[in-house]
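Below: the structure, in structure tokens.
The values are calculated or read from the model by the stated rules, or taken from the named source; none is laboratory data. Source: prediction; values computed, not measured. For neighbour counting, all protein chains shown are included, and Cβ atoms are generated from backbone atoms with ideal geometry for every residue, glycine included.
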Amino acid sequence: MPKESREIIITLIAGTSTLLLLGALMISFLFLYRNRHRKLLREREQLRLSYERELLKSQLEIQEQTFRHISQEIHDNIGQVLSLAKLNLSTMDTAQPTNLDQKISDSKKLVAQAIYDLRNLSHGLSTDYITDMGLDRAIEHELEMVRKSGDYQAEFETEGKRYPLDKQRELIIYRIVQETLNNIIKHAASQKIIIHLHYKAEELTLSITDNGKGFDLTPLNHDTSFGLGIRNMHNRARLMGAGFQISSTLDEGTSVVLNVPVGTANTRT
Amino acid sequence: MFPLPIYIYFELGAFIVSALTWRSLKGTAFRLFPFFLFFIVAVELVGLYTAKVLQYRNGWIYNISTTIEFIYYAYLFSLTLRTPAFQKLARWFIASYPVLVFLNLFLIQGFLNFHSYTVALGNMFMVLLCCLFFYELLLNPLEGELRKVPMFWIGTGILFFHLGDLSFDLLFNLLKNDATGKEFFTSINNNLILILYSCFIIAFICQRSLVKSLSH
């Protein structure tokens, strides 16, 4: 084969191979890029679905807690007041007018009290009241119920200019507050609870502190069945992109801190 | 003339598959494919008969067929590209390419010779249109799986075929008197034809599955 011809053939083969290789690289890149993008979209969708699932779970838990509270209130409070009113009415004696006036007046007061309590309870019949009244008032309301028990000194502090978060986030934060308060009541044996809400431009920081007996956090890292409530809270915080820290010292108390980033989605929907 | 080269069977196969899947191609950008492939098979047979049996020069036949081929592919891209500027580019090519081929044949290479200059230009344009199509695919990741997109296969076939042909067309003047070089090119070209028409066959099958899945 003449030298010139050989060179041409080599050029032809090299040129064709290079161009075909470029084409193959282009197609491979397209495949890889699209696959990665699709994977990313799938992950995002999965995260969105688990967020929605968690939200629904939170709503159901709040509802369940509310029903429990209503049933307790009806039994312990309204029921007692109405029973007392009934007793008053059934022991009325028309022959003694002075006593009668007193009993009518007492019954009126008792019925008014029952109406007032019922109205208060009706606010709690749906989870919407939490989002309607806003996070601050919902937490204050929750603390009010804790205070009512008479066993705790509960304080609520806010700092910074208040801004609303989206409803879903407020609901999840509220649920975390509720869960933490439940844990304190059940396990902490504390006298004092302080909830602090700090509205910063870039994030909202919530801290819940008690002066109870504290507990050892080490099993959280090893035993998956330990601290399911805490894991649940941590999971919820992660789903809304928030930071969740818990610290505890034996005989000094426990502190839960939640850092919720304030992004573009912080408007009420 | 017989036995026929293997690539003609692939072209024939692509035509048959396109005819069999005609229902799913109807009403889409690929509706003219069966006619186009019939034309390609006919050209190949006539070209072969002219050269092998009649012993005449067949360059003019391929001058016509390659021009129609480029125009048809550009037409396909003009229908499938989404960006108006890219569509305009494809349409501009459709309108100007035959004029350029005519000018080349009339003024430069002659009617009986193969129009390698305009074929090289056509190849470059096809590669460009394929790149634009893949660029759009890159920007629209919401579409289904890539391997199920018919135009992806058609684009892949066209890209490989024209990329492979490009170096030959650019070296055509050096190669035309070199028998070994021509032989090499023919073997490369024949393999590229197999890739091109295999991709078309896959595209038609994908289109059929797509239409089937949409109708269910």
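One table, with the values for the structure above:
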| item | result |
| --- | --- |
| Qualifying residues in region B:172-190 (those that are within 16 Å of B:I6 (Cβ to Cβ) and touching a residue at least 24 places away in the same chain (Cβ under 8 Å)) - the one nearest to the other protein chains (Cβ to nearest Cβ) | B:I188 |
| Complete set of residues in region A:154-180 that are surrounded by 13 or more Cβ atoms within 10 Å (Cβ to Cβ), more than 12 Å from the chain's Cα centre (by Cα) and not in a loop (DSSP other than H, G, I, E, B) | A:A154, A:E155, A:F156, A:T158 |
| Entirely in region B:82-171, the helices (runs of 4 or more DSSP H) that have 1 or more residues that are within 14 Å of another protein chain (Cβ to nearest Cβ) and acidic (D, E) | B:116-139, B:150-170 |
| Scan of region A:208-229 for residues that are modelled with pLDDT of 85 or more and under 15 Å from the mean Cα position of the chain (by Cα), ordered by number | A:I208 |
| All positions within region A:240-269 that are modelled with pLDDT of 80 or more, surrounded by fewer than 18 Cβ atoms within 10 Å (Cβ to Cβ) and under 19 Å from A:T131 (Cα atoms) | A:P261, A:V262 |
| Test set (1) free of Cβ contacts under 8 Å to residues at least 12 places away in the same chain; (2) of a type outside the set (D, E, K, R); (3) within 21 Å of A:L32 (Cα to Cα) - B:L137 fails condition number | (1) |
| Index of the failed condition, A:I74 passing every other in (1) assigned to a helix (DSSP H, G or I); (2) in contact (Cβ under 8 Å) with a residue 12 or more places away in the chain; (3) touching a Ser or Thr at 6+ places or on another chain (Cβ under 9 Å) | (3) |
| Search result, residues across region A:181-205 that are over 16 Å from the mean Cα position of the chain (by Cα) and of a type in the set (S, T, N, Q) | A:S190, A:Q191 |
| Filter pass, A:T66 being in a helix (DSSP H, G or I), at the interface with chain B (Cβ under 10 Å from one of its Cβ atoms) and surrounded by 11 or more Cβ atoms within 10 Å (Cβ to Cβ) | no |
| Matching entry among A:M26, A:M1 (being within 14 Å of chain B (Cβ to nearest Cβ) and modelled with pLDDT of 85 or more) | A:M26 |
| Filtered residues of region B:52-63 (kept if loosely packed, with under 13 Cβ neighbours inside 10 Å and of a type in the set (A, V, I, L, M, F, W, C)) | B:V53, B:L54 |
| Selection count, region A:184-231, where residues are under 20 Å from A:E142 (Cα atoms) and without any contact (Cβ under 8 Å) to a residue 60 or more places away in the chain | 23 |
| Test: residue in region B:103-119 that is within 15 Å of the chain's Cα centre (by Cα) and buried (at least 19 other Cβ atoms within 10 Å of the Cβ) | yes |
| Flag if A:R44 is within 8 Å of another protein chain (Cβ to nearest Cβ) and either surrounded by 13 or more Cβ atoms within 10 Å (Cβ to Cβ) or not hydroxyl-bearing (S, T, Y) (or both) | no |
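Residue by residue, here is whether (1) assigned to a helix (DSSP H, G or I); (2) among the polar types (S, T, N, Q); (3) surrounded by 13 or more Cβ atoms within 10 Å (Cβ to Cβ); (4) touching a residue at least 60 places away in the same chain (Cβ under 8 Å) holds:
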{"site": "B:F2", "(1), (2), (3), (4)": "no, no, no, no"}
{"site": "B:E11", "(1), (2), (3), (4)": "yes, no, yes, yes"}
{"site": "B:A19", "(1), (2), (3), (4)": "yes, no, yes, no"}
{"site": "B:A29", "(1), (2), (3), (4)": "no, no, yes, yes"}
{"site": "B:L37", "(1), (2), (3), (4)": "yes, no, yes, yes"}
{"site": "B:I40", "(1), (2), (3), (4)": "yes, no, yes, no"}
{"site": "B:V46", "(1), (2), (3), (4)": "yes, no, yes, no"}
{"site": "B:T50", "(1), (2), (3), (4)": "yes, yes, yes, no"}
